[in-house]
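Asker: This is the structure I have questions about; it appears just below.
The values are calculated or read from the model by the stated rules, or taken from the named source; none is laboratory data. Owing to the predicted nature of the structure, the values given are computational and were not obtained by experimental measurement. Cβ placement follows ideal geometry from the backbone for every residue including glycine, while neighbour counts extend to all protein chains displayed.
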């Protein structure tokens, strides 16, 4: 599990086949789970200046592989007893989004991202979302896009500063919204009673 707070900006040494080798200050251990641009990956080898992670064919199909070059976001998995910040992030990418506009509003930036309409129900206004692993709050949701407000420090310290119109991003929607949709869409009943709805809510 992750929080969506980027702990380090690492850089790519090489990306070939299913192996991604990184320069990083973080001292990983073999088998560690580490989120790279929001994608949970396993450490398969260690080097003096970083580590290497492995990407499965399934992962490669669902992420923006063109961004596995230059700088990348690194967040090690949470440890038991860590302070909980950000929001609950699993490192499971749901889909890709595309930046459609970035507007400087004076003391922040409005970023609008287009997404497959299928995933819009999983993005509630004022809800949580992870963009390339960065925990953010959704401001507005439209039919095929949503708007985020990015503060200057996030622009400076993350990949958001390099985004432009057309940039593809890894998106992980809110975990609870995802689970609730699955429960509701796979229910054998057409209508749920309020007692059933309250029971489902209590489970989370």
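Asker: Given the conditions (1) free of Cβ contacts under 8 Å to residues at least 12 places away in the same chain; (2) under 30 Å from residue 147 (Cβ atoms); (3) touching a strand residue (DSSP E or B) at 6+ places or on another chain (Cβ under 9 Å), which single one is not true for residue 69?
Answerer: (1)
Asker: Could you grab me the full set of residues in segment 7-42 that are surrounded by fewer than 18 Cβ atoms within 10 Å (Cβ to Cβ) and in a loop (DSSP other than H, G, I, E, B)?
Answerer: 7, 17, 18, 25, 26, 27, 29, 30, 31, 32, listed by residue number.
Asker: Could I ask something else about it? Would you mind finding the one in 107, 71 that is assigned by TED's automatic domain parsing to the domain that holds residue 155 and out of contact with any helix residue (DSSP H, G or I) (no Cβ under 6 Å at 6 or more places or on another chain)?
Answerer: Values: 71 fails: assigned by TED's automatic domain parsing to the domain that holds residue 155.
Step by step, each of 107, 71 is checked, and only 107 is assigned by TED's automatic domain parsing to the domain that holds residue 155 and out of contact with any helix residue (DSSP H, G or I) (no Cβ under 6 Å at 6 or more places or on another chain).
Asker: In segment 57-81, which residues are assigned to a loop (DSSP other than H, G, I, E, B) and either modelled with pLDDT of 95 or more or under 27 Å from residue 161 (Cβ atoms) (or both)? Show your work before the answer.
Answerer: Here is the first cut: in segment 57-81, the residues assigned to a loop (DSSP other than H, G, I, E, B) are 63-64, 68-70, 77-81.
Within segment 57-81, 63, 64, 68, 69, 70, 77, 78 meet the criteria.
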